[in-house]
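Visitor: This is the structure I want to talk about, given as structure tokens.
None of the figures in this text is laboratory data; all of them are computed from the coordinates on show. Nothing here was measured: the structure is a model prediction, and the numbers come from that model. Please note: Cβ atoms are built from the backbone with ideal geometry, for glycine as well, and neighbour counts cover all protein chains shown.
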Amino acid sequence: MTRSPRIAIIGAGPGGLTLARILHLAGIQATVFEREDHALARPQGGTLDLHAESGQLALHRAGLAGEFRRIARYEDQGSRVYDKTGVLLFADDADGGDRPEVDRTALRQVLLASVPGETIRWGHAVRDVRSREDGTYDLVLDGGTAGPFDLVVGADGTWSRVRPLVSPYAPQYTGLTFIEFGIDDVDDRHPALSRLVGRGKMDAQGDGRALIVQRNGNAHLRGYAIFRVPADWAAATFDFSSPASARTRLAAEFAGWAPELVDLIRAGNDHIVPRPIHALPVGHRWANRVGVTLLGDAAHVMSPFGGEGVNAAMLDAAELGRHLAEAADWTDAVRRYETEMFARVVEPAGRAAEAVATELSHIGLELTLRQMSEHAAGR
């Protein structure tokens, strides 16, 4: 059995690209299949706080710690909590923590620049993965196939096309829906809102709903209005084809809140989209199948509370890459990775599940304040 299998990585997100980079450093070739046509085909999402023990560790192993420091925003680690009347209940504007913020697009560009250009096959949406009689796999793409591959790594997110090969589980709706909005050029166009949010993230709760707003790079704010509603509620309630109409309807959901908080919605641009939150069961695992494995959200998608998702994906990639680089038998490397990953993600997935279960509860604001205070005290 060869030490270096023919590897296909499905998905060019942070997890898939981190794995490709670490394998490249080890002299192991891999091909990344990405459905997007190019790196900037769609917005990559909001800001991330990369944790020292996971996301940052993965970048260190990838030899990209210096590049990360150049794009990290250490000044944007603050937190603020308001009640619905606009009273500031908690503020931590310190910039000395070890979880600096970084924009997803900037992080992806660093990772893309770290692998040979031919590693990524853009515009290659994987529709299915089929096994051959010899134990290898072909990828079914739009308009053709690719393969054979000895190892297929599903790094393709919540609705992974690879997961069904090893697990019957599908992510379940958590009961929470986020409606995402954004504010451009906030420092110059909306200085009062800029001051309201501060350098980092603000959280406001009341009347069974919440607003979370994050500061991104380039004076951009990304916000999320949060509701505990049926999965089809947003589609039935809002006309997302008309951003102005959707914005007005969203603001109406916060009637009775402080005007300055509702102004965060009114100042939004035309990017307004629903984000129903899904998760796999805590402790999700599967029996090892030679030639197929998962990482990141494909393996253990969890709620975004706690910011563990990307960090866990990048650490998964670092550990899988390490095992593949060190082991004489790559099949044994994958088994070891899976065994360790299953155990490692139980705790953060459990915390995320508890957080999503208590969000918007009658003690939700109290729990948020406690969490913020504990985080600030731990710096």
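Visitor: Using a Gaussian network model of the chain with C-alpha springs under 10 Å, which one of ASP156, ASP142, ASP83 is most mobile by mean-square fluctuation?
Guide: ASP142
Visitor: Sort MET341, MET314, MET202 so that the residue with the fewest other Cβ atoms within 10 Å of its own Cβ comes first and the one with the most comes last.
Guide: MET341, MET202, MET314
Visitor: Ratio of alpha-carbon Rg to the 2.2 N^0.38 Å globular estimate for region 97-250, to two decimals, please.
Guide: 1.41
Visitor: Angle, helix 104-113 long axis vs. longest principal axis of the chain, Cα atoms, 0 to 90°, nearest 10?
Guide: On a 0 to 90 degree scale, this one is about 30.
Visitor: Give the angle, between 0 and 90 degrees and rounded to the nearest 10, that separates the Cα long axis of helix 14-25 from the longest principal axis of the Cα atoms of the chain.
Guide: It is inclined by approximately 40 degrees.
Visitor: Place a label point 7 angstrom from the Cα of ASP37 along the Cα-to-Cβ direction, then list the residues of region 119-162 whose backbone nitrogen is under 20 Å away.
Guide: 120-127, 141-144
Visitor: Let me ask you something else. Decide, for region 269-368, between rounded, prolate and oblate: order the square roots of the alpha carbon gyration tensor eigenvalues as a ≥ b ≥ c, take rounded if a/c falls under 1.5, and otherwise choose prolate if a/b is larger than b/c, else oblate.
Guide: prolate
Visitor: Another question, then. For each of TRP330, TRP233, count neighbouring Cβ atoms within 10 Å of the residue's Cβ, then give the residues from fewest to most.
Guide: Least to most surrounded, the residues fall as TRP233, TRP330.
Visitor: Still on this model: Which of rounded, prolate or oblate describes region 172-278 when judged by the alpha-carbon gyration tensor and an a/c cut-off of 1.5?
Guide: prolate
Visitor: Let a ≥ b ≥ c be the square roots of the eigenvalues of the Cα gyration tensor of region 101-176; is it rounded (a/c under 1.5), or, if not, prolate (a/b larger than b/c) or oblate?
Guide: oblate
Visitor: Count the net charge of all other residues whose Cβ sits under 13 Å from the Cβ of GLY268, scoring Lys and Arg as +1 and Asp and Glu as -1.
Guide: Net charge in that neighbourhood comes out at 0.
Visitor: Sequence-distant or interchain residues sharing an amide H contact under 5 Å with VAL129, placed H: which?
Guide: Under 5 Å from the amide H of VAL129: VAL140.
Visitor: In Å, the Kirkwood hydrodynamic radius of the chain over pairs of distinct alpha carbons?
Guide: 21.7 Å is the Kirkwood radius here.
Visitor: Please give the contour-minus-distance gain from ARG132 to GLU253: 0.36 nm per residue of separation, less the Cα-Cα distance, rounded to one decimal in nm.
Guide: Length gained, ARG132 through GLU253: 38.2 nm.
Visitor: Residue by residue, what Karplus-based ³J(HN,Hα) values in Hz, rounded to whole numbers, does region 208-219 have, using 6.51, -1.76 and 1.60 with θ = phi - 60° and x for Gly and Pro?
Guide: Calculated HN-Hα couplings, in order: x, 8, 8, 10, 10, 10, 10, 7, 9, x, 6, 6 Hz.
Visitor: In degrees from 0 to 90, rounded to the nearest 10, what is the angle of the helix 243-252 Cα long axis to the longest principal axis of the chain?
Guide: Computed tilt is about 60 degrees.
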